[in-house]
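The values are calculated or read from the model by the stated rules, or taken from the named source; none is laboratory data. None of these values were measured; they are calculated from a predicted model. Cβ coordinates were reconstructed from backbone atoms using ideal geometry, including for glycine residues, and neighbour counts include every protein chain displayed.
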C-alpha cells in the first residue's frame, strides 16, 4: 500500500521538522558542550579572554570564541563585563546565575 501525502500532511511534516530543528538548536534545551563546561569550571570572578585561554591550557585564541565563549554567552552561562563594548581590549567575562548553578551542579557530580 502506497502512502499518500496531501498538502495538509506535507505541511504537518514540515512543521514537525521545524519544531524538531528549533528544539535541537535551542542552547538552553541542548546538552551543554564539554568546552562550555570547561570554561565554566575555570571561570572565577572576572577573566579576560587571554586569562581564560591560559587557564584552559589552550595553545591560542583560534576557535576559542566559536567553541567556548559564544556558546556560553548564547546559553546564558556567562556574560560580558562591558556588554556595550564587546570588542574592548579590557573586556572580561563572568558567570551568570545560570552559570554559577551549572558550575555548582558539575562540582557536586564530580565529588
Please determine whether any residue of segment 36-49 is surrounded by 15 or more Cβ atoms within 10 Å (Cβ to Cβ), over 17 Å from the mean Cα position of the chain (by Cα) and modelled with pLDDT of 95 or more.
yes
Conditions first: (1) at pLDDT below 60; (2) within 20 Å of the chain's Cα centre (by Cα); (3) assigned to a helix (DSSP H, G or I). Residue 28 passes all but one, so which condition is the exception?
(3)
I'm trying to understand the selection: among the residues of segment 39-50, which are touching a residue at least 40 places away in the same chain (Cβ under 8 Å) and assigned to a helix (DSSP H, G or I)?
40, 41, 49
Under 6 Å by Cβ, and 6 or more places apart or on different chains, what pairs join a residue from segment 66-77 that is without any contact (Cβ under 8 Å) to a residue 40 or more places away in the chain with one that is buried (at least 17 other Cβ atoms within 10 Å of the Cβ)?
67/35; 68/35; 68/39; 72/36; 72/39; 72/78
Could you count how many residues in segment 57-70 are surrounded by fewer than 16 Cβ atoms within 10 Å (Cβ to Cβ) and not in a helix (DSSP H, G or I)?
6
For segment 71-100, give me each residue that is part of a helix (DSSP H, G or I), surrounded by 13 or more Cβ atoms within 10 Å (Cβ to Cβ) and out of contact with any strand residue (DSSP E or B) (no Cβ under 8 Å at 6 or more places or on another chain).
71, 74, 98, 100
